[in-house]
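Student: Got a structure here, written out as structure tokens. Questions coming.
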Amino acid sequence: MTPQQTALVLGATGGIGSEVARQLLAAGWRVRALRRQAPPSGSTGIEWRLGDALDAQAVAAAAEGCAAIVHAVNPPGYRNWDTQVLPMLDNTLAAAVAQKACVILPGNVYNFGPDAFPCIAEDAPQQPLTRKGAIRVEMERRLEAATRRGAQAIIVRAGDFFGAQAKGNWFAQAMIKPGAPVRSVQNLALPGTVHQWAYLPDVARTMVALLAERARLPAFNRFHMAGHVDRDGSEMAAAVARVVARHGGLTPKIGRFPLWLIDVLSPFLATFREMREMRYLWRESVWLDNTKLVATLGHEPHTPLDAALEASLRGLGCLPAASESSRRVRSGQAA
């Protein structure tokens with residue numbers, strides 16, 4: 001990568017967007033970002049621009065001179081996908097075509113139905129069961145179409161996110177309670193099912209590594225991450241309990257999250273109403289095949305599960321603050 005190439009990050013205040021922005025800066029990129037309100041105080045190294053991802057002119061202006069656009073913006077709380085997701089992407093794609101830039105998108109498994117399960121490769125048929133899945137399929141179709149107009153596109157598909165900055169997800173919203181010691185862990189997966197998790201810093205590191213290789217990649221690319229695979233539906237919950245106990249807490253009780261509760265609460269809580277569609281992904285075994293990613297990069301960035309969970313729980317306010325020395329030790333463990 002040549003020094004001081006510029007990347008525009010859309011969604012830089014969110015979980016994955018903020019982590020990609022941080023890692024791009026560490027890799028030597030100049031990072032620009034849109035924000036609907038005044039930029040945060042303090043120097044983060046990011047060049048903030050006032051604007052909204054739904055404003056085509058603001059996106060186009062922010063993307064001037066950019067070699068890459070990170071499209072990590074979504075409506076909050078799973079809401080308004082039908083009215084906002086595709087217009088935001090269209091603005092990104094128009095800017096990317098104008099700049100001949102590479103768009104990189106964090107993807108998920110919403111695109112797929114049971115016909116593609118359990119092990120999903122990049123070329124698996126995309127026949128989604130849900131409204132959000134259909135939107136995701138259309139997003140990828142539009143990304144591929146934009147590459148025929150001069151843009152490049154990379155989709156990095158991963159499992160359910162967790163991390164210190166990841167708060168609007170199943171891990172932080174259903175499995176544990178942020179901001180409080182972990183007394184119990186709510187297990188979401190059915191016994192005996194395989195479920196896949198993705199640690200946000202690993203996903204961001206993978207995206208930055210693929211951007212560094214973009215000159216030798218085709219115009220349109222999909223890559224799958226293996227992440228952390230819970231092989232029987234109990235390993236993730238057990239790991240959370242193990243990490244909490246190791247750091248001075250009582251071993252949390254592990255219970256089963258009542259997925260039926262989503263039905264009960266969905267008339268009253270919009271987020272639960274939107275999450276209702278995704279329940280099927282907890283009832284069947286699903287994992288992603290990372291063979292192509294490893295062949296391209298030589299490895300998949302991977303933080304050991306206990307280290308990833310410790311950093312996540314600490315960042316979410318569920319463990320005591322770490323000392324500087326222990327922070328240095330943990331950061332050295334991340335691969």
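Student: For the range 84-105, does any single residue satisfy the condition of being part of a loop (DSSP other than H, G, I, E, B) and either within 14 Å of the chain's Cα centre (by Cα) or within 19 Å of Thr13 (Cα to Cα) (or both)?
Tutor: At the first step, the residues of the range 84-105 found to be part of a loop (DSSP other than H, G, I, E, B) are 100-101.
Filter once more, keeping what is either within 14 Å of the chain's Cα centre (by Cα) or within 19 Å of Thr13 (Cα to Cα) (or both): none.
Within the range 84-105, none of the residues are part of a loop (DSSP other than H, G, I, E, B) and either within 14 Å of the chain's Cα centre (by Cα) or within 19 Å of Thr13 (Cα to Cα) (or both).
Student: Take the residues in the range 126-156 that are modelled with pLDDT under 95 and among the charged types (D, E, K, R); name whichever of them is farthest from Leu200 (Cα to Cα).
Tutor: My answer is Arg131.
Student: Since Glu64 meets every condition but one in (1) modelled with pLDDT under 95; (2) more than 22 Å from Thr206 (Cα to Cα), which condition does it not meet?
Tutor: All conditions are met except number (1).
Student: For the range 115-143, how many residues meet the condition of being out of contact with any Phe, Trp or Tyr (no Cβ under 8 Å at 6 or more places or on another chain) and either surrounded by 18 or more Cβ atoms within 10 Å (Cβ to Cβ) or part of a helix (DSSP H, G or I) (or both)?
Tutor: Qualifying residue count for the region: 9.
Table: residues versus (1) touching a strand residue (DSSP E or B) at 6+ places or on another chain (Cβ under 8 Å); (2) modelled with pLDDT of 95 or more; (3) within 18 Å of Gly168 (Cβ to Cβ).
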| residue | (1), (2), (3) |
| --- | --- |
| Thr2 | no, no, no |
| Gln23 | no, yes, no |
| Pro39 | yes, no, no |
| Gly45 | yes, no, no |
| Gly51 | yes, no, no |
| Asp55 | no, yes, no |
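Student: Considering Asn80, Asn74, Asn91, which residue is polar (S, T, N, Q), closer than 21 Å to Ile154 by Cα and modelled with pLDDT under 90?
Tutor: Of the residues listed, the single one that is polar (S, T, N, Q), closer than 21 Å to Ile154 by Cα and modelled with pLDDT under 90 is Asn74.
Student: Considering each residue of the range 72-97, count those that are more than 26 Å from Met278 (Cβ to Cβ) and touching a residue at least 40 places away in the same chain (Cβ under 8 Å), and give that number.
Tutor: The total comes to 3.
A quick yes/no check of all residues on (1) in contact with a Leu (Cβ under 7 Å, 6 or more places away or on another chain); (2) crowded, with 19+ Cβ neighbours inside 10 Å:
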| residue | (1), (2) |
| --- | --- |
| Gly14 | no, yes |
| Val31 | yes, yes |
| Leu50 | no, no |
| Ala53 | yes, yes |
| Gln57 | no, no |
| Ala68 | yes, yes |
| Ala72 | yes, yes |
| Met88 | yes, yes |
| Gln99 | no, yes |
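Student: Of all residues in the range 144-191, how many are among the small types (Gly, Ala, Ser), more than 15 Å from the chain's Cα centre (by Cα) and either part of a strand (DSSP E or B) or on the phi > 0 side of the Ramachandran plot (or both)?
Tutor: First, the residues of the range 144-191 that are among the small types (Gly, Ala, Ser): 145-146, 150-151, 153, 158-159, 163-164, 166, 168, 172, 174, 179-180, 184, 189.
Remaining after also requiring more than 15 Å from the chain's Cα centre (by Cα): 145-146, 150-151, 153, 174, 179-180, 184, 189.
Narrowing the set further to residues that are either part of a strand (DSSP E or B) or on the phi > 0 side of the Ramachandran plot (or both) leaves 150, 153, 179, 184.
Of the residues in that region, 4 qualify.
Student: If a residue has to be under 23 Å from Leu86 (Cα atoms), without any contact (Cβ under 8 Å) to a residue 24 or more places away in the chain and not in a strand (DSSP E or B) to count, how many in the range 16-71 make the cut?
Tutor: Residues flagged as under 23 Å from Leu86 (Cα atoms), without any contact (Cβ under 8 Å) to a residue 24 or more places away in the chain and not in a strand (DSSP E or B) within the range 16-71 amount to 6.
Student: Cβ-Cβ distance below 7 Å, separation of 6 or more or different chains: which pairs start in the range 199-219 with a residue that is closer than 16 Å to Val103 by Cβ and end on one that is in a helix (DSSP H, G or I) and among the hydroxyl-bearing types (Ser, Thr, Tyr)?
Tutor: Glu213/Thr296; Ala219/Thr147
The values are calculated or read from the model by the stated rules, or taken from the named source; none is laboratory data. Keep in mind the model is a prediction, meaning the values are calculated, not measured. We place every Cβ from the backbone using ideal geometry, glycine too, and count neighbours over all the protein chains shown.
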